[in-house]
Amino acid sequence: MTTTTNANTNLVRLDLDDPMLRIAVAAHLARYRGTSRQHVISDLNSFMTWCLEHDLRPLHVKRGHIELYLRWLQEIRLLKPATVSRRLSVLATFYRTCVIDGVREHSPADYVRRPKVPPESPILGLSHLQFEAMLAAARESTNPNGQSG
């Protein structure tokens, strides 16, 4: 099994003996556009590469394999809980699509525990609401230094 990424189109390209996987990935990616699609592609590529390195066929993995993948993301790749949780969400949605399309009977991502994500984002900067409040305060300000003439 080989997995490659086509850099020109940012698509997951799978050269496998398993045409069902190619169809399943294409059906899943058809649900997304723009940057969401790029993130899903990146997350699927990460999982497909991990499967390749562990000699696993993505449509035949079990829940335990998904658990091992998550531990690898956390302990080897040292990814933050929010990133690990997002990648599991992508896998859960991918396998849910496979179930809906009749490719699998059940999802191996069901019942996999997601890492606890802190409610406060570690990202520095203003939230959308904070930014809106700052703009409103600037508009209402009588400070002449805040106005350009």
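The numbers here are math on the coordinates, done by the rules we state, and not lab data. Every value quoted in this text rests on a predicted model; they were computed, and no experiment measured them. Counting neighbours? That spans all protein chains shown, and the Cβs are built from the backbone with ideal geometry, glycine included.
Values as computed for the structure displayed
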| read-out | value |
| --- | --- |
| Net +/- balance of residues flanking H39 in space, Cβ distance below 12 Å, scoring K and R +1, D and E -1 | +3 |
| Filtered GluC sites (Glu not before Pro), region 59-149: DSSP coil and at most 12 other beta carbons within 10 Å | E105, E120 |
| FRET efficiency, D55 to R33 (Cβ-Cβ, R0 35 Å, nearest 0.05) | 0.55 |
| Paramagnetic reach from S127 in region 56-88 [backbone N under 20 Å; point 7 Å along Cα→Cβ] | 81-83, 86 |
| Added length on full extension, which subtracts the Cα-Cα distance from 0.36 nm per residue, R139 to R77 | 17.8 nm |
| Expected-Rg normalisation [2.2 N^0.38 Å, Cα atoms] applied to region 2-118 | 1.00 |
| Relative contact order %, region 2-118, counting alpha carbon pairs below 8 Å whose residues are six or more apart | 23 |
| Likely footprinting exposure, S127, S107, fewest C-beta neighbours within 10 Å first | S127, S107 |
